[in-house]
Each structure stands twice: as C-alpha cells, then as structure tokens.
Amino acid sequence: MNINVYTESTPNPATMKFIVNKLLINGSVDFPTKESAEHSPFAKELYKFSFVNGVFFASNFVTVTKTEGTEWNDIEAILKEFVKGAVESELKIQEAAQEDSPNFEGTEAEVKIQQILHDYVRPAVEQDGGAISYKSFNEGVVTVELRGSCSGCPSSTITLKAGIENLLKRMVPEVQEVVSEAL
C-alpha cells in the first residue's frame, strides 16, 4: 500500500494533524510528554525532534504539538516525511494493545452523558485533532478531560461551553455545567 500523508491545521495554532490513508489505531491515545511516550515506539521517535511538544493518535492521524517559537513552515515537511516512513515501516503506536470499546458505568444520567460524549462529541473533537474523555458527574457538573489539539487550544473553552455544555443540558436535564479538568 502506498502511504500518503497530508496535513490539516487545527483550531489550536500550536498543533497540526498529519493524516494518513490507513487506520493507525482504534480509538485514541495521548502522549502529552516525552516521558509518557515510554511504551510508544512511534511517539518516542517523534519526541526525538527537539520541536515536538506533544503527540496524540486517533484513527487515521497523528496530531503533533510544536514547541513555542517554532514555525510550521520550518518543520511540516520533516514531520510529513517522518510520519510517512513510520507508517510504512509499521512503527507501533503502543507496545501493548489496549481495547477501546466503551464501557459506560454509573447512574442512568452518567451512562447517558458518557454515551452522548462518545457518540456525538468525540467524533467532532477528533476532526479537530483532539479527544475528550468523561471524568465525573457530581451535583449537576460534568467534568471532562480534553487531550490532543484541544489541550491548551484557545477555542476549547468556547467548544466546551457553547457546544458540549449546551448539548448535554438539552439531552440530560440533570446537567447544569460542563468543566474541563486540567492535565
């Protein structure tokens, strides 16, 4: 199979999606630090570039966060070539495969919240190179974790409040607010 890589900007100016014509992973996995990439040969190799400050994988793309002061024009071609070579050589994203089948637990409201996040919000957030995960629901407040390009994105607060919070309030009357847990 001939691997093609193209880039797509994200709402976060510090991140860029490198999209390939092959499924890389079912689900998503985030390596926000060099240390967290210990068990990911692919992410570990990306972190060898001094300008890489975050790595996130989902379906058919890898989102790379660059260091401050680095310009995409200077590194985009280098990263495209690296991603192409890594995918062609089947460099592993994770040494131990993790199953990403949803396992929703909790009260009826909690299960409904998790289902909505999984079915409606997750695909939209992944389109922008990020991921969202449910953390908790307590006294009307849903806590989520934003990863990938969503982590530190200037527009993530708008997405969280105007998009996710409004959707959950409409579909689950018990929800009063949605907040993001800092990584």
- Query: Given charges of +1 on the Cβ of Lys and Arg and -1 on the Cβ of Asp and Glu, with all other atoms neutral, how large is the dipole of the chain about its Cα centre, in debye to the nearest 20?
  - Reply: 340
- Task: Convert each backbone phi in region 74-79 into a coupling constant with the Karplus relation 6.51 cos²θ - 1.76 cosθ + 1.60 (shift: θ = phi - 60°), then list the ³J(HN,Hα) values in order as whole Hz, x for Gly and Pro.
- Result: 7, 10, 4, 5, 4, 5
- Message: From the phi angles alone, apply the Karplus equation (6.51, -1.76, 1.60; θ = phi - 60°) to region 26-37 and give each ³J(HN,Hα) in whole Hz, x where the residue is Gly or Pro.
- Response: 7, x, 8, 8, 10, 10, x, 9, 4, 5, 5, 8
- Report the GluC sites (Glu not before Pro) located in region 1-104 that are in a DSSP loop and have at most 10 other Cβ atoms inside 10 Å of their Cβ, or state none. GLU68, GLU71, GLU90, GLU95, GLU99
- In this structure, the FRET efficiency calculated for ASP74 and SER9 from their beta-carbon separation, with R0 = 25 Å, to the nearest 0.05, is 0.95
- With each pseudo-label sitting 7 Å past Cα toward Cβ, what's the ASN26-MET1 distance in nm, one decimal? 1.5
- Förster-model FRET efficiency, 22 Å R0, ASN103 and GLN176, C-beta, rounded to 0.05: 0.30
- Taking Cα centroids, how far is region 18-65 from region 106-161 in Å? 20
- Message: Taking R0 as 41 Å, what FRET efficiency do you get between GLU95 and GLN127 from their Cβ-Cβ distance, rounded to the nearest 0.05?
- Response: 0.90
- Expressed per residue, the solvent accessible area of region 11-165 in Å² (1.4 Å probe) is about 51
- LYS34 versus ILE158, label points 7 Å from Cα toward the beta carbon: distance in nm? 3.4
- Item | Neighbourhood net charge (12 Å Cβ-Cβ; Lys/Arg +1, Asp/Glu -1) for LYS92 | -2
- Query: For P(r) over Cα pairs in 5 Å bins from 0, in percent, which listed value, (i) 1, 9, 19, 22, 22, 15, 7, 3, 1, 0; (ii) 1, 8, 17, 20, 18, 14, 10, 7, 4, 1, 0; (iii) 1, 7, 10, 11, 9, 8, 8, 7, 7, 7, 5, 4, 4, 4, 3, 2, 2, 1, 1, 0, 0, 0, comes from the coordinates shown?
  - Reply: (ii)
- Quick one: compute the contact order of region 1-105, relative version, from alpha carbon pairs under 8 angstrom and 6+ residues apart, as a percent. 31
- Item | Nearby lysines by direct alpha-carbon distance to LYS22 (threshold 26 angstrom, same-chain neighbours under 8 apart not counted) | LYS34, LYS44, LYS48, LYS66, LYS80, LYS84, LYS92
- Message: Given the whole protein assembly as supplied and a 1.4 Å probe, what does the accessible area of ILE132 come to in Å², nearest 10?
- Response: 20
- Note on the structure: Calc'd 3J(HN,Hα), region 125-141, phi into Karplus 6.51 cos²θ - 1.76 cosθ + 1.60 (θ = phi - 60°), Hz, glycine/Pro = x, comes to 5, 5, 4, 8, x, x, 8, 10, 9, 6, 10, 6, 9, 9, 6, x, 10
- Message: Only Cα pairs within less than 10 Å get springs; with that Gaussian network setup on the chain, which residue of ASN12, ASN26, ASN138 has the largest fluctuation?
- Response: ASN138
- Label points 7 Å out from Cα along the Cβ direction at LYS169 and GLU145: separation in nm? 2.7
- Message: Out of the total accessible area of the chain (probe 1.4 Å, heavy atoms of protein only), what percent is carbon and sulfur?
- Response: 48
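The values are calculated or read from the model by the stated rules, or taken from the named source; none is laboratory data. This structure is a prediction, so every number in the text was calculated from the model and none was measured. Using ideal geometry, Cβ is built from the backbone for each residue, glycine included, and neighbour counts are taken over all protein chains shown. Heavy atoms of the whole protein, side chains included, go into the accessibility calculation; ligands, DNA and RNA do not. Shrake-Rupley method; radii C 1.70, N 1.55, O 1.52, S 1.80 Å.
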